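Engineer: There's a structure below that I have some questions on.
Bear in mind these aren't lab numbers, they're just calculated from the coordinates by the rules spelled out. Because the structure is a prediction, the values reported are computed rather than measured. Note: ideal-geometry Cβ built from the backbone for every residue, glycine included; neighbour counts use all protein chains shown.
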Amino acid sequence: MTERLINILLESFPKIFLQGLLVTIPLTVISFAIAMVIAMVCAMIQIANVKGLKQIVRFYIWIIRGTPLLVQLYLIYFGLPDLGIVLPSFPCAIMVFALNEGAYCAETMRGAIESVPKGQLEAGYCVGMSYMQIMRRIILPQALRTAFPPLSNSLISMVKDTSLAANITVVEMFMTAQRIAGRTYEHLALYIEVALIYLIFCTVFTWLQRLGERKLTSVSGGGSIHA
Amino acid sequence: MLEVTGLKKAFGGNKILKGVDVSLQKGDVLCVLGPSGSGKTTMLRCLNYLEKADAGRMRFMENEYDMPGISKKEISAYRRHTAFVFQNFNLFANKTAIQNVTEGLIVARRMSRAEATERAEKALIEVGLEGKFDSRPSQLSGGQQQRVAIARAVAAEPDVIFFDEPTSALDPELIGGVLDVIRGLAENGRTMMIVTHEVNFAHNVATRVIFMDEGRILADAPRREFFGAEQLPRIRSFLNSLERKE
Ligand SMILES: Nc1ncnc2c1ncn2[C@@H]1O[C@H](COP(=O)(O)OP(=O)(O)OP(=O)(O)O)[C@@H](O)[C@H]1O
Ligand SMILES: [Mg+2]
């Protein structure tokens, strides 16, 4: 490796890393938090079988899951201005990622809620609790425990998927690396470098996931849920 | 105290209950016998509105309900006086034994935590589970889980407890212990309606026995009479068939 290349890498590393901390991670975390709310609401609407709303939710999930994320990003960022709706790139990215992730996680969450044996709902009714009380205190805590591993996997995927936001001019990690690569012509080195930084972030999230899972099993006292 | 007339229920055109009349007096231990598929579970679920009846009238204490038309409010008022013990226990898997008992008391009956805990401890001791207060359902045997479920039912001091085959999901060696607990409740004068295949238990503990077959009640008699000599051939053959299995 030449001295020039080493210097480029040493100089670019903190830049890309910082852009990760300032853009990639906030983009991921904010989008994911909103996605969780969307997912929870959509899952509950489907479980509780709210007429009308349920069809809307099914439609939304169908659209999102049947179209590429990149197309969704383009549609909102480059397409909507044709209708006079212009959104800045960062909020636009948050919106698209949240809506996209929300649809997938809604299905995860619905599955997790449905995996809690129905008898517990009936037992709750029999001791006088209301549907919402049973949901909040009995069903959802168990469902979230079930959903935690797949949801954390989704979160980790999202760290990487945010690189697509570069396409709509969000200056996140990948875009930063791209620009430096374009300026210095060190494509191979810079893309390896940005890959490594993604790897660092994802490893940290994976580590947090393990921690969370361990905490959840110790709270539940381990063991499986009986039917 | 509880009187139901003309209870009907069909699942998708398949008539399960074809006009059932059943009543309970205070202090009754009513055992419900009958072959598999005769509608025992369905009847019990209708009686606690886990299943909506197609027809039927219910008189309970001073209230009268049209069973298909009962309102949510009336159901929850009614359920304050009843409890249900399921074949599969249906404990709250994310709660400890004692939390399973206190949950309904605190959340639905707005009892203070201290009072609920005191009641729950008493109920768990009554069913022989001192020392298991903080166990999760997954750490308990089937018999222990069912006893938690019984404690959960008893702690609310209901006027009636419904049991749907409380020992059918248990290993043979655990059945006796749970039946003993229910026998203890009977001795304390609890009003109960118990669907069971344990004929000996019915013979020893019931005050009254009803026999269901194909969605109807074929016999409804005090225990002595039911197990006495003058019995319908259909019932005799059912009891004989159970004996042969044992
Ligand atoms: N939710 C349901 N949907 C459709 N059919 C049902 C439903 N619940 C019960 N049935 C049918 O109703 C009939 C009576 O069932 P039920 O569970 O009341 O019988 P049971 O007397 O309790 O029998 P067992 O002794 O086996 O528990 C059965 O044929 C069953 O298939
Ligand atoms: Mg049954």
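Engineer: Would you kindly state how much longer the chain becomes between A:His187 and A:Ile200 on full extension, computed as 0.36 nm times their sequence separation minus their alpha carbon distance, in nm to one decimal? Don't skip to the end; give the middle numbers.
Structural biologist: Numbers: separation 13, 0.36 × 13 = 4.68 nm, distance 1.99 nm.
Roughly 2.7 nm would be gained on extension.
Engineer: Related question: Specify the inter-centroid distance of the range B:181-196 and the range A:2-69, based on alpha-carbon positions, in whole Å.
Structural biologist: Rounded to whole Å, the Cα centres lie 56 Å apart.
Engineer: Would you mind ranking A:Leu211, A:Leu27 so that the residue whose beta carbon has the fewest other beta carbons within 10 Å leads the list? Write down the numbers at each step before the final one.
Structural biologist: Working: A:Leu211 10, A:Leu27 23.
By the 10 Å Cβ count, ascending, the order reads A:Leu211, A:Leu27.
Engineer: Another question, then. For q values of 0.18, 0.28 Å⁻¹, compute log₁₀ I(q)/I(0) with the Debye formula on a Cα-only model of the range A:112-167, without solvent.
Structural biologist: Taking Cα atoms of the range A:112-167 as identical point scatterers yields -0.64, -1.02.
Engineer: Under the classification rounded if a/c is under 1.5, otherwise prolate if a/b is larger than b/c and oblate if not, where does the range B:1-91 fall, given a ≥ b ≥ c as square roots of the Cα gyration tensor eigenvalues? Can you show the working numbers first?
Structural biologist: Numbers: a/c = 1.33, a/b = 1.14, b/c = 1.17.
Judged from the Cα gyration tensor, the range B:1-91 comes out rounded (a/c under 1.5).
Engineer: What number do you get for the range B:91-157 when its Cα radius of gyration is normalised by 2.2 N^0.38 Å, N = residues? The partial results should precede the final answer.
Structural biologist: Working: Rg = 10.4 Å, N = 67, 2.2 N^0.38 = 10.9 Å.
Expressed relative to 2.2 N^0.38 Å, the Cα Rg reads 0.96.
Engineer: I've got another one for you. What is the dipole size for the range B:130-223, taken about its Cα centre, with +1 at each Lys and Arg Cβ and -1 at each Asp and Glu Cβ, in debye to the nearest 20?
Structural biologist: Details: 9 positive and 14 negative charges, 32 e Å.
Dipole about the Cα centre, nearest 20: 160 debye.
Engineer: A:Asn153 to B:His197: FRET efficiency via 1/(1 + (r/R0)^6), r the Cβ-Cβ distance, R0 45 Å, to the nearest 0.05?
Structural biologist: Values: r = 46 Å, r/R0 = 1.02.
Once rounded, the FRET efficiency stands at 0.45.
Engineer: Separate question: Ranking A:Thr67, A:Thr176 by Cβ neighbours within 10 Å, fewest first, what do you get? Write down the numbers at each step before the final one.
Structural biologist: Values: A:Thr67 12, A:Thr176 23.
The most exposed by this proxy come first: A:Thr67, A:Thr176.
Engineer: On to the next question. With +1 on each Lys and Arg Cβ and -1 on each Asp and Glu Cβ, how big is the dipole of the protein assembly as shown about its Cα centre, in debye rounded to the nearest 20?
Structural biologist: Values: 51 positive and 44 negative charges, 111 e Å.
The dipole of the protein assembly as shown has a size of about 540 debye.
Engineer: Would you work out if the range A:13-64 is rounded, prolate or oblate? Take a ≥ b ≥ c from the square roots of the eigenvalues of the alpha-carbon gyration tensor; rounded if a/c is under 1.5, else prolate when a/b is larger than b/c, oblate otherwise. Don't skip to the answer; put the middle values down first.
Structural biologist: Details: a/c = 6.70, a/b = 3.43, b/c = 1.95.
Prolate.
Engineer: Still on this model: In bins 10 Å wide, starting from 0, what share of all Cα pairs of the protein assembly as shown does each bin hold, as a percent?
Structural biologist: Each 10 Å bin holds this share of Cα pairs: 4, 16, 21, 18, 13, 11, 8, 5, 2, 1, 0.
Engineer: Taking the Cβ-Cβ separation of A:Lys215 and B:Ser112 as r and a Förster radius of 41 Å, what is the calculated FRET efficiency to the nearest 0.05?
Structural biologist: Numbers: r = 30 Å, r/R0 = 0.73.
Working from the Cβ atoms, E equals 0.85.
Engineer: Let me ask something else about it. How are the alpha carbon pair distances in chain B distributed across 10 Å bins from zero to the largest one, expressed in percent?
Structural biologist: It works out to 7, 31, 35, 21, 5, 0, in whole percents.
Engineer: Kindly put B:Lys52, A:Lys160, B:Lys72 in sequence by how many other C-beta atoms sit within 10 Å of each C-beta, fewest to most. Write out the running numbers ahead of the final one.
Structural biologist: Values: B:Lys52 13, A:Lys160 16, B:Lys72 10.
Sorted ascending by nearby Cβ count, the order is B:Lys72, B:Lys52, A:Lys160.
Engineer: Output the DSSP H helices from chain A with an along-axis C-alpha extent of no less than 15 Å and a mean Kyte-Doolittle hydropathy no less than -1.0. All intermediate terms of the calculation are to be shown ahead of the outcome.
Structural biologist: Working: long enough: A:3-19 (24 Å, 0.56); A:25-48 (34 Å, 2.37); A:53-66 (20 Å, 0.70); A:89-115 (39 Å, 0.59); A:140-161 (29 Å, 0.25); A:173-184 (17 Å, 0.03); A:187-220 (49 Å, 0.89).
Membrane-span-like by this criterion, though nothing is claimed about a membrane: A:3-19, A:25-48, A:53-66, A:89-115, A:140-161, A:173-184, A:187-220.
Engineer: Assuming 0.36 nm per residue, please report the length gained on full extension of the stretch A:Arg58 to A:Glu114 beyond their Cα-Cα distance. Can you show the working numbers first?
Structural biologist: Numbers: separation 56, 0.36 × 56 = 20.16 nm, distance 1.65 nm.
In short, 18.5 nm is gained.
Engineer: Grab the DSSP H runs of chain A that are 4 residues or longer, score each as -39,500 (n - 2.57), total them, divide by all residues and round the 222 nm result to the nearest 500 deg cm²/dmol. Show your work: numbers first, answer last.
Structural biologist: Numbers: 10 runs with 168 residues, N = 227.
Computed mean residue ellipticity for chain A: -25000 deg cm²/dmol.
Engineer: Once every DSSP H run of n ≥ 4 in chain B is given -39500 (n - 2.57) and the sum is divided by its residues, what mean residue ellipticity at 222 nm do you get, rounded to the nearest 500 deg cm²/dmol? Intermediate values should be presented prior to the final figure.
Structural biologist: Working: 9 runs with 95 residues, N = 246.
Computed mean residue ellipticity for chain B: -11500 deg cm²/dmol.
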